[in-house]
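Heads up, the thing below is written out as structure tokens.
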Amino acid sequence: MRAKLKPIAEQVVVITGASSGIGLAAARLAAKAGAAVVMAAGDEQTLRAACAAIAEAGGRVHPVVGDPRSAEGCDRIARAATARFGRIDSWIDAAGDGQTLAHPVAALAERLREQQAVGAFVGFGRELGRDARDELRAASRVLASTMIRLPSNWTPESPAAGAVAAALQAVARPMGQLEVAAKGRGLTLASLAHKHRGLVAGVGLVVVAGAALWLTRGRIAQAARPQMKKAGRALVLQAARRRPVQAVRLVARHPRRALKLAAFLR
């Protein structure tokens with residue numbers, strides 16, 4: 001599903017497991033970005049303390065005590081969020097794992113259908129359970145999901161900044177699947193490339209242009225010009241079609257190189 005979602009600053013975001021770890025870090029970052037944040041967890045005392053600290057810093061937050069690993073708990077959280085802010089736009093589950101995500105997905109999908117809206121779901125874990133996969137498939141018309149796979153050596157003490165930043169970006173621009181690098185040190189290279197597809201496309205255009213200009217200097221390259229032009233045209237057109245906005249920006253930043261490349265590929 002290609003959903004046009006609101007910027008994070010305009011969203012109501014439910015974050016479960018929000019009293020500590022990834023959930024708390026995500027709540028802080030979302031509130032700082034301007035979102036209305038519903039913080040949910042089972043430990044009431046810890047949750048309220050965390051919520052109060054974010055509110056004191058200027059964040060719009062609301063605590064809800066509930067177990068996000070059960071259908072009843074997720075329904076309670078969703079009802080409380082709707083009662084407080086009038087709607088739910090997205091849900092970040094940092095409380096369970098891939099085996100228990102069916103309940104929050106179902107709760108979010110039900111509210112989105114009632115609101116006649118689309119939203120985003122972000123979950124953390126290593127492997128999705130069958131029930132979670134079925135719920136995501138059934139809800140594909142109303143929500144776009146991003147699954148962030150944590151490494152096998154992940155611990156509560158692992159750095160969470162990279163995973164949390166990716167989760168907040170996925171709330172506004174779902175990315176399907178991402179993977180956190182070993183020991184929580186940011187995202188893997190493949191996930192970074194997926195996350196920054198526009199930048200990768202732009203770099204690709206620069207590389208193609210540079211390679212074409214460099215190769216055409218030699219005598220041997222003169223004989224290979226027809227094949228190089230054909231391959232270069234295909235690469236440039238493919239990149240430009242996939243990321244037209246980034247391609248236009250790149251041409252605007254490097255007009256001389258763009259003109260040289262166009263002349264070569266003619």
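Among the listed residues ALA81, ALA109, ALA132, ALA71, which satisfies the condition of being of a type in the set (A, V, I, L, M, F, W, C) and surrounded by fewer than 19 Cβ atoms within 10 Å (Cβ to Cβ)?
The conditions single out ALA71.
Summed over the range 26-38, residues that are at negative phi and in contact with a Lys or Arg (Cβ under 9 Å, 6 or more places away or on another chain) total 5.
The sole residue among GLY42, GLY73, GLY58, GLY23 that is on the phi > 0 side of the Ramachandran plot and out of contact with any helix residue (DSSP H, G or I) (no Cβ under 6 Å at 6 or more places or on another chain) is GLY58. Note on the range 61-95: residues that are closer than 19 Å to LEU24 by Cα, within 23 Å of the chain's Cα centre (by Cα), assigned to a loop (DSSP other than H, G, I, E, B) and among the charged types (D, E, K, R) amount to 2. For the range 60-73, a residue qualifies if it is under 23 Å from GLN169 (Cα atoms) and at pLDDT 95 or above, and the qualifying residues are ARG60, VAL61, HIS62, PRO63.
The values are calculated or read from the model by the stated rules, or taken from the named source; none is laboratory data. Everything quoted here is computed from the prediction, not taken from an experiment. A quick note on method: Cβ atoms are made from the backbone with ideal geometry, for glycine too, and the neighbour counts reach across all protein chains shown.
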